[in-house]
Amino acid sequence: MTPTAAPEALDRAALEAHWMPFTANRQFKAKPRILAKASGMHYWTPEGRQILDGVAGLWCVNAGHGRREIVEAVATQLETMDFAPPFQMGHPPAFQLANAVVKIAPAGLDHVFFTNSGSESVESALKIALAYHRVRGDAARTKLIGRERAYHGVNFGGISVGGISPNRKMWSASLIPGVDHLPHTHNLAANAFSRGEPANGVNLADELERIVALHDASTIAAVIVEPIAGSTGVLIPPVGYLKRLREICDRHGILLIFDEVITGFGRLGTPFAADYFGVVPDMMTVAKGLTNAAVPMGAVFVRHGIYDTVVNATPSGIELFHGYTYSGHPLAAAAGLATLELYQTEGLFERAASLAPQWEQALHSLRGLPHVIDIRNLGLVGGIEMEPRAGAPGTRAFEVFVDCFNRGALIRVTGDIIALSPPLIIDERQIDELIDTIGSAIKAVS
Ligand code: PXG
């Protein structure tokens, strides 16, 4: 399908009221980039220009855009029942989705709490961790350990355990107390141009022992990490790093939470990064690919021991005073069910795994282009790090982003790093087209 009708043009005044998220509003509104339609691997601008989607929207449209099966499932659900209260009431789609999604989760993560976003999933997981220790009679375990350069959404818990300075500094006096951070694992000097997992850095997991020694294990509730740090520029964990974190957490009775908001649902060619790395966390936060982004939804997977402990601790009545009006929203649940079905019937996770070698090859073909100081990859994730311009960090990669858009490809930049995460339906020819376009844009930038 090639959409043709251009919607009404948006003039400057029509852009003003919308305070855009994580956007340079004045710069954008002076020179907007508008997407009006989407289907399969492509977006279209209002003028009808076709744009190849190199980032699955924002790490989320894993099955490609405008999938008929999802559209129909959501439409049918909307006609059947638009909404039902989630507190003290239930509806079939939420239970059906819970049953379907725990089936593909790592063994033991057999309960799921629904939210509406990655940020809410993170807050929910952190709160469940504290509740779990408290009802076990271990109420002193309140500290939360995050990591430098981590992104865990934008709510107070998430920015507190997160490690991105601009996301924290405005609210620094209000961050939650009792948080410490592991060092990040990015090491260009030792690992630049690694293919797949970098060889150096497993010892950085041992920093958790140092943090435990400082605070004492009896005060620490949980460690939260992204298996691959996405937002700060595709930081792939060193070989053995996540396993080592798991061992240290086990040794000290600390819960391990994987934030799989971008790595979940096939991105690495396995259902979750936990499967790829062979490390099962105690909780896993997801969103994005859960519904193919057609309707917002997030979730927290929880090990049965955690669920049992919390719900059995209360003799009667509500066990966890937490939840959202839209937890398990019928439209999101319908979208989720149709999405999981698509992943399975089309074998999209396996497809990602089989495309990964070509993806790696294509990405690393950009080595040697001007300003490219590192290329990273795993599954269908790619990162291209560019040398920042002296005195103007971020501008070089941003120009590549704008040039790619003008040439017909959507990429994502964070600082001077290009991040790539195409829909899992991408084909070999489109991989080459995407990488060629990026290569041309890199060659054109000064
Ligand atoms: N955790 C992780 C690991 C994420 O990547 C969130 C939580 C928050 O999800 P919500 O749904 O609340 O946005 C995310 C979101 C980027 C980028 O540039 C990535 C995200 C959001 C915005 C930009 O890579 N991921």
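The values are calculated or read from the model by the stated rules, or taken from the named source; none is laboratory data. In this text, all values refer to a predicted model and were calculated from it rather than measured experimentally. For neighbour counting, all protein chains shown are included, and Cβ atoms are generated from backbone atoms with ideal geometry for every residue, glycine included. Ligands, DNA and RNA are stripped out before the accessible areas are found, and what is left, the full protein with its side chains, is counted by its heavy atoms. Shrake-Rupley method; radii C 1.70, N 1.55, O 1.52, S 1.80 Å.
Values for this structure:
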read-out: Of all residues in the stretch 403-424 being aliphatic (A, V, I, L, M) and under 18 Å from the mean Cα position of the chain (by Cα), the one that is nearest to the ligand (Cβ to nearest atom); value: Ala419
read-out: Residue within the stretch 122-134 that is within 16 Å of the ligand (Cβ to nearest atom) and open to solvent by 60 Å² or more (accessible area, probe 1.4 Å) present; value: yes
read-out: Looking only at the stretch 60-72, and only at residues there that are open to solvent by less than 60 Å² (accessible area, probe 1.4 Å) and among the aliphatic types (A, V, I, L, M), the one that is farthest from Gly323 (Cα to Cα); value: Ala63
read-out: Residue identified as of a type in the set (A, V, I, L, M, F, W, C) and surrounded by 12 or more Cβ atoms within 10 Å (Cβ to Cβ) among Ala75, Ala17, Ala24; value: Ala75
read-out: Residue check for Gly336: in a loop (DSSP other than H, G, I, E, B), touching a residue at least 60 places away in the same chain (Cβ under 8 Å) and crowded, with 23+ Cβ neighbours inside 10 Å; value: no
read-out: Residues satisfying the stated conditions in the stretch 61-82, i.e. closer than 18 Å to Gln430 by Cβ and not polar (S, T, N, Q); value: Val61, Ala63, Gly64, His65, Gly66, Arg67
read-out: Enumerated strands (runs of 3 or more DSSP E) restricted to the stretch 371-446, each holding at least 3 residues that are open to solvent by 10 Å² or more (accessible area, probe 1.4 Å); value: 372-378, 412-414
read-out: Filter result for Thr219 (under 20 Å from the mean Cα position of the chain (by Cα), hydroxyl-bearing (Ser, Thr, Tyr) and either within 16 Å of the ligand (Cβ to nearest atom) or modelled with pLDDT of 95 or more (or both)); value: no
read-out: Failed criterion for Val225 (all others in (1) surrounded by fewer than 24 Cβ atoms within 10 Å (Cβ to Cβ); (2) aliphatic (A, V, I, L, M); (3) under 17 Å from Ala150 (Cβ atoms) hold); value: (1)
read-out: Restricting the stretch 243-261 to residues that are part of a loop (DSSP other than H, G, I, E, B) and open to solvent by 20 Å² or more (accessible area, probe 1.4 Å), the residue that is nearest to the ligand (Cβ to nearest atom); value: Val261
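Quick grid of which residues meet (1) farther than 21 Å from Arg134 by Cβ; (2) buried (at least 22 other Cβ atoms within 10 Å of the Cβ); (3) of a type outside the set (Phe, Trp, Tyr); (4) touching a residue at least 24 places away in the same chain (Cβ under 8 Å):
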| position | (1), (2), (3), (4) |
| --- | --- |
| Asn292 | yes, yes, yes, yes |
| Pro296 | yes, no, yes, yes |
| Phe301 | no, yes, no, yes |
| His304 | no, no, yes, yes |
| Val311 | no, no, yes, no |
| Ser316 | no, no, yes, no |
| Leu320 | no, no, yes, yes |
| Ser327 | yes, no, yes, yes |
